[in-house]
Amino acid sequence: MQRSFIFDDGDSIPEDYPVTEVCGGTLRTQSTCLLQTWTHDDVQDHRLDSTKLLSIIQLAETHLPISDLEVEIECEGCVISQYLVASAHSEEDTVIFNLADKHTDCLAKEKCGVGGSGCC
């Protein structure tokens with residue numbers, strides 16, 4: 001029996017792609033700090049300036065090991081996308097987060113010999 005992952009626009013993921021989360025039969029956990037952005041019509045009352053963002057992060061640090069986690073940004077346009085925070089810096093009164101693309105990867109390279117006959 002074949003599997004198929006079909007998007008709401010009718011496009012699909014090619015059938016020859018493995019599902020890597022269970023590939024190799026190894027239980028894995030992942031911890032990241034995910035900062036979700038939300039776009040809404042209300043741009044006045046819910047705008048988050050850098051001072052408020054910093055206070056939220058400082059509050060979270062009292063409960064979570066954020067400084068030890070990879071930071072990701074999630075945003076929604078046509079689809080929900082996640083990006084790695086490659087770096088951050090400030091210029092005058094603006095905090096700038098430089099984002100990098102995330103990529104999927106084989107999670108069982110040691111078992112399937114990626115680079116040879118294929119994965120899983």
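All of the numbers you see were taken from the coordinates with simple rules; none came from a lab. If you're wondering where the values come from, they're calculated on a predicted model, not measured in any experiment. Here the Cβ positions follow ideal geometry from the backbone for every residue, glycine too, while neighbour counts run over all protein chains shown.
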- Figure the gain on full extension for Trp38 and Val85 (residue separation times 0.36 nm, minus the Cα-Cα span) and round it to one decimal in nm. 15.2 nm
- Query: With point charges of +1 on the Cβ of Lys and Arg and -1 on the Cβ of Asp and Glu, referenced to the Cα centre of segment 22-104, which listed residue (Thr26, Thr62, Ser90) lies farthest in the positive direction of the dipole?
  - Reply: Thr26
- Please give, to one decimal in nm, the separation of the simple spin-label points placed at Phe97 and Ser55, each 7 Å out from Cα toward the Cβ. 1.9 nm
- Query: Once amide H atoms are placed 1.01 Å from N in the peptide plane, what residues at a sequence separation of 5 or more from Val95, or on another chain, have their amide H within under 5 Å of its amide H?
  - Reply: none
